[in-house]
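The values are calculated or read from the model by the stated rules, or taken from the named source; none is laboratory data. Fair warning: this is a prediction, and the values are worked out from it, not measured in the lab. FYI the Cβ positions are ideal-geometry reconstructions off the backbone, even for glycines, and counts take in every protein chain you see. The protein model used for the area step is the full one, side chains on, heavy atoms only, and it has no ligands, DNA or RNA in it. Shrake-Rupley method; radii C 1.70, N 1.55, O 1.52, S 1.80 Å.
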Amino acid sequence: MIGEPRVHVAECESTQLLLDASMAEGTIATTDHQTSGRGRLGRTWDDEPGTSLLCSVLLKPPADRRAAEVTLVGGLATAEIVERALGLSAQIKWPNDVMVDRRKVAGGLAELLEGAVILGIGINVNQTRDQLPGDTRAPAASLRTIDGRVREREPILADLLATLEQAYEAWVAGGIDALYGEIGARDFLRGRRVSVNGTTGTALMIARDGRLEIETAAGTVAVEGGELTYER
Ligand code: BTN
């Protein structure tokens, strides 16, 4: 069951560092503040103490599955709960961002550790505009800056864990096909001009293996990950 046991600390470097592969699958780590929060590609993930949902989940997927797929499973669950909280549609910006109204409200990070995957999810919940980082590639938003409401974080966490468990079980049983319709329907980049590590073109779709397919002048190319720029 995802969410038990739970390690909670008031502050830590990163919740990604509180879990290890010897723990039971489904163990989570949460905190109110990270002093060295990790983002994708070695970036930092900054938070204002007490305002964000900061959570890592220990998963032990079948050995033949790609970590990129876990990122998508996490992104889908996060998009669904953000949508429920706001009553507005949320998109997945490949590979790991959740967007509302073209602003990033959440990010996910899947890190491999001794055959296990540590899936970290950060959701901007109660930050005011001033408390959000201003220098991010995708402009940032919180649930609060979108609809003005201050929320308790625990019910959002409970919804996230239940939704993630459902999505994860469906994926373990049926692979990405089981979730593909839901992921495709939320694909933020589809049809946008993008550039990923020097490959430039129009984003076609998120592929079933978690890569992004781009239509370039030289044909369709599937990219694994990396530095992404996109047309707003
Ligand atoms: C990204 O957008 O680049 C990914 C951000 C992931 C942030 C979460 S917050 C909880 C967990 N602990 C971390 O240090 N990072 C992830």
Inset, instruction - Please state which one of Ser56, Ser22 is within 27 Å of Glu224 (Cα to Cα) and either exposed (fewer than 15 other Cβ atoms within 10 Å of the Cβ) or of a type in the set (Gly, Ala, Ser) (or both). - result: Ser56
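Conditions tested, residue by residue: (1) closer than 30 Å to Gln34 by Cβ; (2) touching a helix residue (DSSP H, G or I) at 6+ places or on another chain (Cβ under 9 Å); (3) in the same structural domain as Leu76 (by TED's automatic domain parsing).
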{"residue": "Arg137", "(1), (2), (3)": "yes, no, yes"}
{"residue": "Val150", "(1), (2), (3)": "yes, yes, yes"}
{"residue": "Glu165", "(1), (2), (3)": "yes, yes, yes"}
{"residue": "Gly201", "(1), (2), (3)": "no, no, no"}
{"residue": "Ile206", "(1), (2), (3)": "yes, yes, no"}
{"residue": "Glu213", "(1), (2), (3)": "no, no, no"}
{"residue": "Thr220", "(1), (2), (3)": "no, no, no"}
{"residue": "Gly226", "(1), (2), (3)": "yes, yes, no"}
Inset, instruction - Take Glu154 and decide whether it is among the charged types (D, E, K, R), closer than 20 Å to Val73 by Cα, in a helix (DSSP H, G or I) and at pLDDT 95 or above. - result: no
Inset, instruction - Determine the pairs where a residue that is free of Cβ contacts under 8 Å to residues at least 12 places away in the same chain and open to solvent by 30 Å² or more (accessible area, probe 1.4 Å), located within the stretch 210-221, has a partner that is part of a loop (DSSP other than H, G, I, E, B) and not aromatic (Phe, Trp, Tyr) with Cβ atoms under 6 Å apart, the partner being 6 or more residues away or on another chain. - result: Glu213/Ala207
Inset, instruction - Might you let me know whether the stretch 60-79 holds any residue that is part of a strand (DSSP E or B) and buried (at least 16 other Cβ atoms within 10 Å of the Cβ)? - result: no
Inset, instruction - Hey, could you check the stretch 91-115 for residues that are over 12 Å from the mean Cα position of the chain (by Cα) and within 19 Å of Arg137 (Cβ to Cβ) and say which is least open to solvent (accessible area, probe 1.4 Å)? - result: Val100
